[in-house]
Structures are given as C-alpha cells and as structure tokens.
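Structure, as structure tokens:
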Amino acid sequence: MSDIQSYLVLSKDPALRRQMRSCLPKEGRLDFAHGKAAALELFRKRRHTHLFIDLRVLEEQDQSVDYTQALSPFRGIDPQPVVIVLSAALRNSEDLKAIGAGANYFMTLPITPEKINQVAARFSTTNHAATVEVKRNIIEHAAFSPIIDTRNPVMKGVFEKIHSVALTKSTVLLVGETGTGKGVLARLIHEMSNRREAPFISVHCGAIPDSLLESELFGHEKGAFTGALRKKHGKFELARGGTVFLDEIGTITPAAQVKLLQILQDGTFERIGGEEVLEANVRIVAATNANLEKMCEEGQFRKDLFYRLNVFPIHIPPLRERLEDVPLFVASFLRKLNGLYAKNILSVHPLVIEKFKCHTWPGNIRELENLVERAYILETETELRPKSFPIEMVETQAPAPGHATDTSMTLSQFRRKGLEDIEKFYIRQLLTRHRGRIKDSADSAGITTRQLHKLMTKYGIHKEEFKALHIT
C-alpha cells in the first residue's frame, strides 16, 4: 500500500489501534479518533486517503445503524477516500447496506496485513464510485433482497460463498431443487463480479431441442447443416467478457458435453462446421436439480466435465428448510406487483403468513410467487386476506394425534408431549386470530397477560410473528 499517505481510524478499542499500527505502512500518517465528531474534525483538517470506521462506535448510539446518515458527513467533506467499515463478524445485510450508503469495503476483525493488502489490491485496480453504484443497484434489486436479508443460517452461508467467489474467475455449480432461485443467484454472482459491465446470458439447456443445442451454445457456419443459411454466433461468442449461465446442465447432449469440456479446459471452441478456433472469454455458472455424480456413475454425464464444473459448488436449500424467509419473499413479490399494477396492497393477514410457514412448498419460491400473484389479482382490499388464497392453503388444521409417536417414551411422557403440542397450537391460533395483541388474546383465552407471556416464552413464540406483514 505504498501509494497510501494518510489513514484515519474511528475506534475506541486499544487492541484495534495496536493492530492498525502494526499492519499499516510505517511511512503513512496514522490518526485516531474516539468519536464521530472528533473524526470529522480531523477529516476536515487533513486529507486522508483511507477512513476506517469501527462499527461498534456507531452502534453505541443505535443498534440499527443508519449508514447513509453516518457516512454522508465524511463523503460531504471529501468523496475520494476509501471507506472501510470494521466489524467483529461478517454480516451479509450490513455489508451491502454499508456499501450502498457509500462505504467501499466491509472488513471483519481482527485486522491483518493480508486483509489490508486485499483492500489495496482491490482499490488500486477498480473505480470506487462504480463499485458503490453496482452494490447499490444490487440492494435495490427486488429479486436480491430476500437473499441479502435472509434470516436463515444456511442461506447466510450461501451468500458468504457467493461473496467469496464472485470476484474470481472460478466456475460455479449451483445445486438445488427446481424453483429455489438458482437463476437469481447466478445473476447475483455476475452483478458482484468484475464482469458485470459485459453480457449475462442465460441458457435453459433443458428447453432447447438436442438438435439445436450445440448451435445455440457454440454457433455454426453457413452451410454447416441443412437449414444453416447463414453464419450464427453462439452464446459463448455473444457473451464475450461476461457470464454464461447454463441452467439444467445435466440435460445437455454428449456432443455438447465434449465441446463444453474444451471450453473449460482450454478456453477455446469452434463453431459447428467451422475450422477457426475461437477464444471463450466467459465465466461459466451452471445449475442443476439432478444428482450429477449419480449420472456420472450411470454413464449419462462425463466425469471429467463434472469435475471441471464442480470447482465451486453451492447447495441451495429448498424453501421448506428456510421458512423464516417466507415473509421476506412475500413482501418482495408484493412490492414488485404494486410497481407493475395500479393496486396498492400494503399488508398481509397474519393467518396467511402462519399457514405459509406450515406448507411444504414442493414448488419452492416459484410456487410461493405464483400463489401471491393469484391472490393479488383476486384481492379487493389493501391487505392480502385468507379468502384470496386456495382453501387448502389457509384452512385451519389441528395437529394430528400421535403424528410423531415415539414408543421409547413412557405413557406419561407421551401424554405430556401431546398436551404441549396442542397447547402450543392453541396459543399460535389464538395470537393469529388477534394479530399478536397480547391483552385481547389473554382475555379470549381466560388467562392473564402474564400467564400468556409465560406460555409464549415456554414455546418460543413471539408476538411479532402474528402482526400483519406491512409492505414498505
């Protein structure tokens, strides 16, 4: 980081101060500030090329940090310095919110020379403003919001992997059931990569007839086969410098598998009927809902191609394993629909959300989106109500007795568990009916609010789950 001359660190942590002194170049000037006001004062007096902000200082005033409010005074004084937000742990949504508000980087503690060098390498070769604008566009993209703001730990891990691989050249293999959002994730990888200004071309391999697949992917020369009346450029040629997303990769023909292997191994290909060797300057993201390893064992898919595709596999959980994200998806779909049509549906009845969390979602996110759109069309009020959904989705069902029979229990244990299941079900239905209002729910049940709070704590139930989902 020899081109860096001056650093300003906003932090109260003595250990962090020592780390910064040991990691930053000795020839650079290093200023410290305990609070935001002192940091702004130093920022006005001297030019700083890098500003490090300890998130803990900002969170002292408010746990829900408004990054725009926190960073805009610094950007107002000087928009040029690289702004790095420091956090004790990686927090995906905080990362992008900070970057969207004007930060350039989100670094986890402790500080190491390697991390400092990583910042230097990234910002000596990229345009800061462009990076901020790309991240801001990602935040504002409705399709990405449930991924960024996910409450599911597995999906947080998925996002961390995307965050790690996006800026590399590595091939990515997205594995998951149909309708889990593999196409959206592929697009997110492209938008977070340094290829984002080049084309992103999506190819649904299973939807193209076998006889046309090679021509679509690799192109053909005039006269290469009957009907080839002119030269055609394939997807790998059209996506030069960008990303090709190959959905349902397990369906491609043996001949196409050979040509794809050549691209992955040598970075070259030929058009059908052509002799010219063309360079494939593309990044490949593939997706499958099939077990490619099993297909390899059965001779349906080339092993060498599988190994080339499986460089960086990312497994996407089905919606039934991330039910806590259902309200996020519903809100995202409603915002999208409100933008397309004249309606303005602002909330969702809590019974709808409650029933959605009990559904198995065989069609995953696509099934949920279709249901919300159908209900949106039928709804005449400003709230999505149960009557706008198919009856089987929202009808109330009591827990089936003995649905989880465990004969290793004693009879008294089994009875106690059965009573607890019924009691939990009753409390949830009660809160759903009264939209999370504790006093009304307690009065209806003939118990005190204290007793109801005790039962809710016992079963891990939170009143916020039962309030109408408001779309903002």
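Each reported figure results from applying straightforward, stated rules to the coordinates on display, with no laboratory input. From a predicted model like this one, the values you see are computed outputs, not experimental measurements. Don't worry about glycine lacking a Cβ; one is built from the backbone with ideal geometry, like all the others, and counts go over all protein chains shown.
Taking 0.36 nm per residue of sequence separation and removing the Cα-Cα distance, the T449/C358 pair yields an extension gain of 30.1 nm. On full extension, the segment bounded by Q429 and K231 gains 64.8 nm, given 0.36 nm per residue less the C-alpha separation.
Counting alpha carbon pairs within less than 8 Å and at least 6 residues apart, what relative contact order, in whole percent, applies to the stretch 208-300?
After rounding, I find 33 percent.
Distance between the C-alpha centres of the stretch 223-284 and the stretch 409-457: 61 Å, rounded to the whole angstrom. Residue ranges 298-310, 245-257 sort as 245-257, 298-310 when ordered by packing (mean number of other C-beta atoms within 10 Å per residue, highest first). Close amide H contacts of H315 (hydrogens built in the peptide plane, cut-off under 5 Å, sequence separation of 5 or more or a different chain): V175. Within the straight-line cut-off of under 13 Å between alpha carbons, the aspartates and glutamates reachable from K12 are D31, D54, E59, E60, sequence neighbours fewer than 8 places apart in one chain being disregarded. A straight Cα-to-Cα reach below 18 Å connects K182 with the lysines K156, K161, residues fewer than 8 places away in its own chain not being considered.
What does the extension gain come out to for D440 and E279, with contour length at 0.36 nm per residue minus their alpha carbon separation? Each step should come with its number before you reach the end.
Values: separation 161, 0.36 × 161 = 57.96 nm, distance 6.91 nm.
Length gained between D440 and E279: 51.0 nm.
A straight Cα-to-Cα reach below 15 Å connects K343 with the aspartates and glutamates E373, E379, E381, E383, residues fewer than 8 places away in its own chain not being considered.
Using a/c under 1.5 as the rounded threshold, could you call the stretch 320-394 rounded, prolate or oblate? The axes a ≥ b ≥ c are square roots of the C-alpha gyration tensor eigenvalues, and prolate needs a/b larger than b/c, oblate otherwise.
Working: a/c = 1.76, a/b = 1.42, b/c = 1.24.
The shape class here is prolate.
Note on R46 and K458: their simple-model spin labels are 6.2 nm apart, each label 7 Å out from Cα toward Cβ.
Computing FRET efficiency as 1/(1 + (r/R0)^6) for K26 and K169, where r is the C-beta to C-beta distance and R0 is 41 Å, gives about 0.75.
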